[in-house]
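The values are calculated or read from the model by the stated rules, or taken from the named source; none is laboratory data. Just so we're clear, the structure is a prediction, and the values are computed from it rather than from any experiment. Virtual Cβ from ideal backbone geometry, glycine too; neighbours counted across all protein chains shown. Areas reflect the complete protein model, heavy atoms only, side chains present, ligands, DNA and RNA absent. Shrake-Rupley method; radii C 1.70, N 1.55, O 1.52, S 1.80 Å.
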Amino acid sequence: MHSPTPTNTAAPTADSGADTGPLGRERAHLAASRAALTAMREDVEALDLRDVAGTWVSAQVLQKQIDERIKALADLSHTPLFFGRLDYLHAISEAASEGSGGERFYIGRRHVHDAGGDPMVIDWRAPVSQPFYRASRTEPMDVAKRRRFGYTGGELTAYEDENLSDPDEADTGSALLAAEIEKPRVGPMRDIVATIQPEQDEIVRADVTGTICVQGAPGTGKTAVGLHRVAYLLYAHRERLARTGTLVVGPNRSFLQYIEQVLPALGELDVAQATVQELVGHVEVRGTDSAGTARIKGDARMARVLRNAVRAGITLPTEPCTVVRGSRRWRVPAYELEEIVRELMNREIRYGAALEALPQRIAHAVLVKMEQGGEAPDDRVQDAVARNAAVKATVKACWPAVDPVKLVHRLLGDPEFLATAADGILDAGEQAALLWAKPPRSARTAPWSAADAVLIDEAADLVHRTPSLGHVVVDEAQDLSPMQYRAVGRRCTTGSATVLGDLAQGTTPWATGSWQEALHHLGKDGAHVEELTQGFRVPGEVIAYASRLLPAIAPGLAPATSVRDLPGSLVLRHVPDGLDTAVLDACRAALRHEGSVGLIAADARIPALAGALGAAGLPFLDPGTETTAEARLTLVPASLAKGLEYDHVVLDEPAAIVAGEPDHRTGLRRLYVSLTRAVSGLAVLHTQPLPAELA
């Protein structure tokens, strides 16, 4: 720490106890900005809709927009309103007077202006804010000085300057940046808006029309990057995405609870969040599949099987269709009906769309004959003919309606129907694996599995097109099956996607082998793949230890590096006897440190550890639950650890985690995930020998 000077301010300038000098002036600007934000909120709250809303409906719409604006203008007292400052060498805004020299902008989470409309804080997503993340001494981007601010709670306590245009200033690391990255992880996931790195910023600001895939090692911030990308796109393309919608897809509800506060902290409230299972929730899931059966149901070939099944009822007509109107009869011969049906079959339109078009096409053929007979029918006559009983009967015989749920129920319960639909696609053994051992009597009582729900979603899309959103973010994407990728992909057919994941953390039997394959199933061939390998969360000692597993679980991936060197952050303890007691002691030791603590164990070990924690009087939480001052310890089944992070992690019996999976490679991947959840310290306790791959 040192007193503020115009140059050489590589170390933070801290609070000296008096609000004088540069730090005092920055605090004054913070106070004025908060007051301006309050005034902006009060202005919106004071709006009177009685004179501008023409109807009750318009009044309700306007009131909803105002309520959302009020929420977006909330002043989060424990969150810095701005975290940086840019001093430009030259004026860049239109409002600046000619020859006025450089301009100064404070960079924060949202835009704040004073009573005259002049900006006091610039939204981090604005173009003028970009150099805060991208500028360097080799490419200063017309920035003379970049200032970072340090906070305790919501109070400004320090600042740090980089004089980017001064060639004599040493290029040193940012202490405030490091301190922000290393802050204890208490509560839900935080935004990283103050610490976005240049390579992350490139992903965040990528064009909305393009799909981007991020392969990110543990701790590289890929989830946060994806969420900030949503916030940026909503800022840059608000009208477009407000119309088409945005969606974040996560692996489970605990994960979504963990990340749900990030977007509201950035002022974005209208982003839907869902798991894949919630997206395809056409039926209640009550059953489970074996790993082998789930793998077949998740195979992309099932899309072809379902297409055949959906179209299996189409029958070429052999009888004419005769429509009686008044005293006249109009006959459409079978060969003409066949031409109509064949044309609809060859057009490859949705089954339901063809079903709606067929009666109109037949009615049109009738109208042509009526015109040839001297009549002058109009559109109303065509609609009436399309509803004629004879036309309806012909349509029902040629192109029967399909219920997706009943269709899949029949497919999984009728060996002959499945054999016909899967002919040349699945072999006899695969077909046998799909069939229910005891077919349920109805679709309502069927023991639907998670994979079955995805099949039903595919069938539903074959019948009626799934509406597309403007942008979809899918996290932990490496765990999706090809059919799940298709389910997500059809929800962004006319939009774009951000795909986030790590091939080394694929812990399902159907985990994707490459991002090119995954993007193909998503319907986004040719999307750009970006790899993040520099970690900001996991200590170097921990990530190096976990990376010993990479040759066995993801041979093509480069090991991650870490910007954080914390000697002693990894502790390995062999416990010959009394493992539960040793684990409790390790948890108590971790709780003596600041921040959150995660006890991660094989799913089968969770009941025993829960009992031991309860008997010892150690309160603990379930994954996704926000920590409190009274409860900072979370008991985490290894199957739910993905995407979560804790300041200190106690890892129980690695061999049990590996053994809890259906195959050795998946078990090692689950272990890799568990080893990389720690931000400050990892203690590995084991009685059984560690996996040989960690040697």
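For residue 141, nonlocal amide neighbours, meaning residues 5 or more places apart or on other chains whose placed amide H falls under 5 Å from its own, are 136.
In this label model, residue 242 and residue 179 are separated by 3.9 nm, measuring between points 7 Å along each Cα→Cβ vector. Ranked by solvent-accessible area (1.4 Å probe, protein heavy atoms only, all chains present), the residues 290, 129, 639 order from largest to smallest as 290, 639, 129. Solvent exposure of residue 642, expressed as accessible area, is near 10 Å², computed with a probe of 1.4 Å over the protein chains only. On a 0 to 90 degree scale, rounded to 10, what angle separates helix 404-413 from the longest Cα axis of the chain? Helix 404-413 and the main axis of the chain meet at about 80 degrees.
Computed from the Cβ-Cβ distance with R0 of 30 Å, the FRET efficiency linking residue 468 to residue 384 stands at 0.30. Ligands, DNA and RNA left out, the 1.4 Å accessible surface of segment 105-148 is 52% carbon and sulfur atoms.
Once the Cα-Cα distance is subtracted from the 0.36 nm per residue extended length, the residue 114 to residue 71 segment shows a gain of 13.6 nm.
Between the beta carbons of residue 28 and residue 517, assuming R0 = 56 Å, the FRET efficiency works out to 0.50 to the nearest 0.05. State the percentage of accessible surface on segment 369-439 attributable to carbon and sulfur atoms; use a 1.4 Å probe and exclude ligands, DNA and RNA. Answer for segment 369-439: carbon and sulfur cover 51 percent of the accessible area. Here the Karplus curve 6.51 cos²θ - 1.76 cosθ + 1.60, taken at θ = phi - 60°, turns the phi angles of segment 436-444 into couplings of 5, 4, 10, x, x, 6, 8, 5, 5 Hz, with x standing for Gly and Pro.
Along segment 146-154 the Karplus relation, 6.51 cos²θ - 1.76 cosθ + 1.60 evaluated at θ = phi - 60°, assigns HN-Hα couplings of 10, 10, 10, 10, x, 10, 10, x, x Hz to successive residues, with x for each Gly and Pro. Largest first, the three principal axis extents of the alpha carbons in segment 460-538 are 46, 27, 21 Å in whole numbers. Distances between placed amide hydrogens fall under 5 Å for residue 529 paired with 213, all partners being 5 or more residues away or on another chain. Here the peptides 65-74, 402-411 are ranked by packing, the mean other Cβ count within 10 Å, and the order with the highest first is 402-411, 65-74. Extension gain for residue 353 to residue 687 (0.36 nm times residue separation, less C-alpha to C-alpha distance): 114.1 nm. Annotation note: GluC sites (Glu not before Pro) in segment 579-660 located in DSSP loop regions with a Cβ neighbour count of at most 11 within 10 Å are 630. Checking (i) 63, 55, 52; (ii) 80, 63, 51; (iii) 102, 75, 45 against Cα extents along the principal axes in Å calculated from these atoms, the matching label is (iii). Secondary-structure-derived ellipticity at 222 nm for the chain, considering helices only, amounts to -11500 deg cm²/dmol, per-run term -39500 (n - 2.57) for DSSP H runs with n ≥ 4. Protection proxy ranking for 317-330, 385-398, using the average of other Cβ atoms within 10 Å per residue and placing the highest first: 385-398, 317-330. Taking Cα atoms only, the orientation of helix 450-463 departs from the longest principal axis of the chain by about 60 degrees. Ranked by the mean number of other Cβ atoms within 10 Å of their residues, highest first, the peptides 677-684, 193-200 come out as 677-684, 193-200. Here's the picture: a label point sits 7 Å out from the Cα of residue 157 along the beta-carbon direction, and within segment 567-599 the residues with their amide nitrogen under 18 Å of it are 593-596. For the set 286, 444, 490, 311, the ranking by accessible area, highest first and with no ligand, DNA or RNA atoms included, is 444, 286, 311, 490 under a 1.4 Å probe. Close Lys pairs in the chain, defined as Cα atoms under 26 Å apart and 8 or more places apart or on different chains, number 15. Probing with 1.4 Å while keeping every protein chain in the model, the per residue accessible area of the chain equals 44 Å². For the pair segment 307-357 / segment 197-211, the C-alpha centres are spaced 49 Å from each other. Residue-wise HN-Hα couplings along segment 554-568, as the Karplus relation 6.51 cos²θ - 1.76 cosθ + 1.60 with θ = phi - 60° gives them from phi, are 7, x, x, 8, 7, x, 6, 10, 9, 7, 10, 10, 10, x, x Hz; Gly and Pro carry x. Let me know the shape class of segment 247-335, please: from the alpha-carbon gyration tensor, a ≥ b ≥ c as square roots of the eigenvalues, rounded when a/c is under 1.5, otherwise prolate if a/b is greater than b/c, or oblate. Note, shape of segment 247-335 comes out oblate.
Within segment 374-418, list the residues whose amide N lies under 13 Å from a label point set 7 Å along Cα→Cβ of residue 442. Those under the cut-off are 406. Helix 351-372 axis versus longest C-alpha principal axis of the chain: approximately 40°, rounded to the nearest ten.
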